[in-house]
Amino acid sequence: MRKGIISIQSELDVSPDFPPEVEAAAEMAARDPRLPELDRTDIAFVTIDPETSQDLDQALHIERSRNGYLVHYAIADVAAFVEPDGPVDLEANRR
């Protein structure tokens, strides 16, 4: 598989490394994300992923309600971390 990835990277002229300005923008976004007004960290979300997964970008919470079940579904908020037309966005689109 590694050979295949290296071949695709070569074919598309994509390095596994990122330019310094992209790394800096990603580090800054991780330190200070633009979070939404509504904070639902009070909900005990879980992900349904393999144990080795590092892509935990979707989660859910299910609880009984009077008429059945209430399902909360959460998905990663890319906009909180990636500024439109910023270094990370431009590099992602280039790749």
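The values are calculated or read from the model by the stated rules, or taken from the named source; none is laboratory data. Please read all numbers here as calculations on a predicted model, not as lab measurements. For neighbour counting, all protein chains shown are included, and Cβ atoms are generated from backbone atoms with ideal geometry for every residue, glycine included.
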Residue 93 being polar (S, T, N, Q), loosely packed, with under 10 Cβ neighbours inside 10 Å and under 30 Å from residue 13 (Cβ atoms): yes
Criterion violated by residue 30 - all others in (1) surrounded by 12 or more Cβ atoms within 10 Å (Cβ to Cβ); (2) of a type in the set (Gly, Ala, Ser); (3) closer than 28 Å to residue 85 by Cβ satisfied: (1)
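Kindly provide the set of residues from region 33-52 that are of a type in the set (D, E, K, R), surrounded by 10 or more Cβ atoms within 10 Å (Cβ to Cβ) and closer than 17 Å to residue 81 by Cβ, ordered by number.
We begin by selecting, within region 33-52, every residue of a type in the set (D, E, K, R); these are 34, 37, 39-40, 42, 49, 51.
Okay, now just the ones that are also surrounded by 10 or more Cβ atoms within 10 Å (Cβ to Cβ), so 34, 40, 49.
Correct list: 34 only.
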Test result for residue 65, within 14 Å of the chain's Cα centre (by Cα) and either of a type in the set (S, T, N, Q) or loosely packed, with under 11 Cβ neighbours inside 10 Å (or both): no
Extreme residue, farthest from the chain's Cα centre (by Cα), among residues of region 68-95 that are more than 22 Å from residue 28 (Cα to Cα) and not β-branched (Val, Ile, Thr): 68
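Here is a yes/no grid of residues against (1) on the phi > 0 side of the Ramachandran plot; (2) without any contact (Cβ under 8 Å) to a residue 12 or more places away in the chain; (3) among the aliphatic types (A, V, I, L, M):
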position	(1), (2), (3)
24	no, no, yes
36	no, no, no
53	no, yes, no
63	no, yes, no
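Conditions tested, residue by residue: (1) among the charged types (D, E, K, R); (2) modelled with pLDDT under 95.
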| residue | (1), (2) |
| --- | --- |
| 5 | no, yes |
| 8 | no, yes |
| 27 | yes, no |
| 39 | yes, yes |
| 52 | no, yes |
| 62 | no, no |
| 68 | no, no |
| 85 | yes, no |
| 95 | yes, yes |
Region 6-27, residues that are surrounded by 11 or more Cβ atoms within 10 Å (Cβ to Cβ) and farther than 27 Å from residue 73 by Cα: 6, 9, 14, 18, 19, 21, 22, 23, 24, 25
